[in-house]
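Here is the structure we will look at.
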């Protein structure tokens, strides 16, 4: 049966901090620790994140070793043939568009930023193939700077819990960053993603196993049920990656 939300939900900032604290206990580590995309440096993370659109992290990680062995820098990738890039990344899906983005992004880095990945989000989103979500991944993981990527998991969980009512990712990002400590936004996003994959699934949320059940506006639990601490989640992000997306 549906439960009445805790009075904590009446204060969004307090609720957000409590959610952040509980998820940090479930999925410990920094944004860099929690990121499931294999990479070495900001450029490789930028490439991997572009490839991850409509694709699993596991698939991206199976593709990037060969890709980075051949084109591991902006200079090398900008000079790559499009057909070769397409063949290397074909299994990630939408490979023609992604190849065009990788070529354009690499060339833009060389032309406008001396081959370095910029830090400001206003500059990152001007790169081909880079939107706010990708830019925030790079900022929070590669640079340890404030950045809150909003994907379908982050949006869904934020609405279910009662942190936001918006469906627009940019509005969700702004509302969450307004109530969370700036240095923890990237890790918060990744923890929400991991929790969404492992527990708060889109079609069959496992409310009985959720550490947020007693403060979630949407939790459905039997009367008297205590929220789970789910010790198995503490195995880390890789175990959660294996859960249903």
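Coordinate-derived values only; no laboratory data. Keep in mind it's a predicted model, so treat the numbers as computed, not measured. Quick reminder, even Gly has a Cβ in these numbers, built from the backbone with ideal geometry, and neighbours come from all protein chains shown.
Using Cβ contacts closer than 10 Å as the measure, can you line up 133, 171 from fewest to most? Placing the least packed residue first, the sequence is 171, 133. Give me the base-10 log of I(q)/I(0) for region 96-172 at each q in 0.21 Å⁻¹, Debye formula, one uniform scatterer per Cα, rounded to two decimals. Log10 of I(q)/I(0), two decimals: -0.93. Mean sequence separation of contacting Cα pairs (under 8 Å, at least six apart), scaled by the length of the chain, corresponds to a relative contact order of 27 percent. Exposure proxy for 216, 210, 55: other Cβ atoms within 10 Å of each Cβ, ordered fewest to most, give 55, 210, 216. Ordering 145, 116 by the number of other Cβ atoms within 10 Å of each residue's own Cβ, fewest first, gives 116, 145. In the chain, the ratio of gyration radius to Kirkwood radius, Rg to Rh, stands at 1.01 when only Cα atoms are counted. Helix content alone sets the calculated 222 nm mean residue ellipticity of the chain: runs of n ≥ 4 DSSP H residues at -39500 (n - 2.57) each, divided across all residues, give -14500 deg cm²/dmol.
The three principal axes of the C-alpha atoms in region 42-142 carry coordinate ranges of 31, 26, 21 Å, sorted with the longest axis first. Here the contact order of region 42-142, divided by its residue count and restricted to Cα pairs under 8 Å and six or more residues apart, works out to 31 percent. Rg and Dmax over the alpha-carbon atoms of region 41-88 stand at 10.2, 27 Å.
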